[in-house]
């Protein structure tokens, strides 16, 4: 990008220079080549962006809220997660295998992919940057309690911590414990307590008071 | 799940993760190689990612297991005695222990 005038003088303050980094320039060049050679169309790109954006932790929150509210659904969810997702109109068929890990008072689950960033994307959308960081990927397996503490959740010594390293074809969703004091809440209210991080398993769901906040 | 799988191991079997080192798209993390655990669950048969990653067909499919480990057996200084680690491991990386 070449400036044809000096913006900082014109407006009396500095503007950031919007230089693209190496990888951004490279990806745009690859995109332009693919379009030029008619391998893909701009419509394909937009559809893929829309597909990526429509998958979000809201899907997971609906699943968890239904499981909390309906014990029969919870049983079906654990027995056949993909079929249970389909009941809610959530398409999990792109996952090879999908497994739900139920937290209890005595057992807490936490999910990591130490090798890359395997993540249940149809259910939770794109993984957060920290999930892909070397720090999380290495410490989730050898110091899960320390990681949970840093996320604001100390796990008691009598609770068993089970870390799942999803290295292959299986994708995992943690079913967090239903918070106390949520009896009688609607599924929509319950879903507000279900954070993305609680479905990765690094923290519990939000306390009951957060539903009305 | 629920498919008939020609699996060498069944839930409860003790297994040892092979201590091999070779280049490629290996899905067995380094930190469990040479460690002992147990078969928690038989997931079924999947195309072999070590072939798929290089444009191969991934065949023959390989049985995939959920393998459990005691954290205290995986790490020298791990203190919480009951904590466990579960990893998805393909059959050709396992041997009876």
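The values are calculated or read from the model by the stated rules, or taken from the named source; none is laboratory data. For clarity, every value in this text was computed on a predicted model and none was experimentally measured. For neighbour counting, all protein chains shown are included, and Cβ atoms are generated from backbone atoms with ideal geometry for every residue, glycine included.
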Residue count, segment A:42-62 (criterion: surrounded by 13 or more Cβ atoms within 10 Å (Cβ to Cβ) and part of a helix (DSSP H, G or I)): 7
Test for residue A:35: is it over 30 Å from residue A:178 (Cβ atoms) and modelled with pLDDT of 95 or more: yes
Selected residue [more than 14 Å from chain B (Cβ to nearest Cβ) and either assigned to a loop (DSSP other than H, G, I, E, B) or surrounded by 12 or more Cβ atoms within 10 Å (Cβ to Cβ) (or both)] from A:72, A:65: A:65
Entirely in segment B:1-85, the strands (runs of 3 or more DSSP E) that have 1 or more residues that are closer than 24 Å to residue A:144 by Cβ and within 9 Å of chain A (Cβ to nearest Cβ): B:36-46, B:62-70
Some residue of segment B:44-64 being closer than 22 Å to residue A:161 by Cβ and surrounded by 15 or more Cβ atoms within 10 Å (Cβ to Cβ): no
Residue pairs meeting the criteria (Cβ under 7 Å; at least 6 apart or on separate chains; first in contact (Cβ under 8 Å) with a residue 12 or more places away in the chain and not assigned by TED's automatic domain parsing to the domain that holds residue A:90, in segment A:31-53; second surrounded by 11 or more Cβ atoms within 10 Å (Cβ to Cβ) and assigned to a helix (DSSP H, G or I)): none
Residue check for residue A:77: in contact (Cβ under 8 Å) with a residue 60 or more places away in the chain, in a helix (DSSP H, G or I) and either closer than 22 Å to residue B:41 by Cβ or more than 10 Å from every other protein chain (Cβ to nearest Cβ) (or both): yes
Enumeration of residues in segment B:34-53 that are in contact (Cβ under 8 Å) with a residue 24 or more places away in the chain and under 20 Å from residue B:76 (Cα atoms): B:35, B:36, B:37, B:38
Residue match in segment A:87-103 (condition: within 16 Å of residue A:165 (Cβ to Cβ), modelled with pLDDT under 95 and more than 10 Å from every other protein chain (Cβ to nearest Cβ)): no
Tally of residues being buried (at least 16 other Cβ atoms within 10 Å of the Cβ) and without any contact (Cβ under 8 Å) to a residue 24 or more places away in the chain across segment A:83-116: 1
Conditions (1) at pLDDT 95 or above; (2) farther than 30 Å from residue A:172 by Cα; (3) in contact with a helix residue (DSSP H, G or I) (Cβ under 9 Å, 6 or more places away or on another chain); number of the one not met by residue A:20: (1)
Search result, residues across segment A:184-197 that are in contact with a helix residue (DSSP H, G or I) (Cβ under 9 Å, 6 or more places away or on another chain) and either loosely packed, with under 11 Cβ neighbours inside 10 Å or not in a helix (DSSP H, G or I) (or both): A:185, A:186, A:192, A:193, A:194, A:195
